[in-house]
1. If you stretched the chain out fully between E250 and R153, how much longer would it get, using 0.36 nm times the residue separation minus the C-alpha to C-alpha distance?
2. Hey, which of these cross-link pairs are over 31 Å Cα-Cα: K95/K406; K65/K114; K65/K143; K270/K326; K227/K330?
3. How much length, in nm to one decimal, is gained on full extension between D366 and V131, taken as 0.36 nm per residue of separation minus their Cα-Cα distance?
4. If r is the Cβ-Cβ distance from T119 to V90 and R0 is 41 Å, what FRET efficiency results, to the nearest 0.05?
5. How do the peptides 237-246, 58-67, 282-291, 376-385 rank, highest first, by the average count of neighbouring beta carbon atoms within 10 Å per residue?
6. Tell me the net charge near V221. Cut-off is 13 Å between Cβ atoms, V221 excluded, with +1 for each Lys or Arg and -1 for each Asp or Glu.
7. Starting from the Cα of Y342, step 7 Å along the direction of its Cβ; do the same at R275; then give the gap between the two resulting points in nm.
8. Compute the accessible area per residue over the stretch 183-322, keeping the other protein chains in place, probe 1.4 Å, unit Å².
Amino acid sequence: MDATGKDRDLSKFVLHLVMVKFDDEWVTTKDTQLALEEQYGGEEEWPQTNPEHLRMSLMKEQEEKEEQRKYRAQANLHTIIQVAREEDLVDQIGKDIYFDLVDHEKVQRFRIQKQLPFTLFKEEVAREFGVPVQCQRFWFWAKRQNNTYRPDRPLTPQEEAQPVGQLRAISNKAYNAKLKLFLEVDLGLDQVPVSPPQKSEEDILLFFKLYNPEKGELRYVGRLFVKSYGRPIEILPRLKEMAGFNQDEELELFEEIRFEPFVMCEHLDKKTSFRMSQIGDGDIICFQKARIDNEIEFRYPNVPSFLEYVHNRQQAMDEQNPTSWKYTWKITNFTSLTQKKYYSEVFTLGDNAWRILIFPKGNNTDHLSIYLDVADSVELPYGWNRSAHFRMILVDQNNYGYSWIKETEHNFNARESDWGFTTFIPLSEVRDSCNGVTTSDVLLYPSKFTFCVFFFLLFHQRFEGRTIPACKPIDASHWSA
């Protein structure tokens, strides 16, 4: 049928193929043979394909996809349980780690079906470690607001009767998909495991590290249950036994509080009760000799100075590590910010341009909102993507006791070029900090209130199938709207 609506006899039509050449300004017809020679290779032969090779490649790809499908299906049926023991603390502290208690990636792992009751899991632990079921007491680890991991509380009998999958859901508040536990085992006089003692609400589980200034060494020496109403001076004889000191030796005690973004290790008053000193389950107390001969010769004479040295050394190593960097954004006069959102300066990590996006009044929420943004996303080629694992730490510089930490990972692409935390912290907490903080009898007024955003990036980027080499970070401290 033609434009007039009449049927046409198609047998009278002939299909003509016309070759044309497009230049910048001209369109000209070309001979078919010339077009083939110039544009398509003329008499050149197409590369020969091997049907059997293609079939094998396709089969291999299908097998890999099937394996991945089975693995994901199995992963949904199992959970990983990481069990830290006192032996791990002895092996790691002072060698692999100095802060906190253990590197969970280096402890015994169990792959357990989610529906398996925890009581049956304890039987497997008994076979693995040689600790009878009745001599095992497991503790949940908790990630505190200051980004430290500490044993938080023992499992209740009701929780031990549940499947391990439900226990993981209880412990996994936000950060870890694995169930992390501490196995408490008490030994009798013959060094044989015995049933753990009853724990009351007044009992506190503490961990102890010993520092030797003469050698510049820190090591784990044990744990103790103390009464919350008790005082450190009452356990000094036990600590001296742990360290192998004479009973007439004087000791100095410190509480290890945090290590990111800065070290906090404070002197512990031996005559003040643990409750008054706000000491609780899982806390770490470091101690050393109070009197040291030739103390002036020691580079790091006490625990805080040594931990500060270790922290600075680790930071220097991180700067040389091509997969880990830090960027700091200092925001002054926070309460005077009036715009809906602000960007930090663009900073470069690993040949990638980033910036931090903040909503001081919240991104349609009653929380402070902070995101990591790909600064040059509109300029990147089609199909770009980069994976990033990052941590945001917000610190009130007028009061280091106020800090908030969150961590996540994301695959950035053209559709999702920014990612982060819409509900980083409630605005009410920001206002509480801004309303004035008393430190050393000095009132810090809101007009001078300062936030500092510490950004830690651990990432691996793939860009058009190529891995982009890393470069050193640019240190910037200014910001703009």
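1. Separation in residues times 0.36 nm, less the Cα-Cα distance, equals 31.7 nm.
2. K65/K143; K270/K326; K227/K330
3. In short, 79.6 nm is gained.
4. Numbers: r = 28 Å, r/R0 = 0.69.
My answer for the efficiency is 0.90.
5. Per-residue Cβ counts within 10 Å, averaged per peptide and sorted highest first, yield 282-291, 237-246, 376-385, 58-67.
6. +2
7. 4.4
8. Value returned for the stretch 183-322: 54 Å² of accessible area per residue.
The values are calculated or read from the model by the stated rules, or taken from the named source; none is laboratory data. Predicted, not measured: the structure shown is a model, and the values here were computed from it. Here the Cβ is made from the backbone with ideal geometry for all residues, glycine too, and neighbour counts use every protein chain on show. For the accessible areas, the whole protein counts, side chains as well, though only heavy atoms, and no ligand, DNA or RNA atoms are used. Shrake-Rupley method; radii C 1.70, N 1.55, O 1.52, S 1.80 Å.
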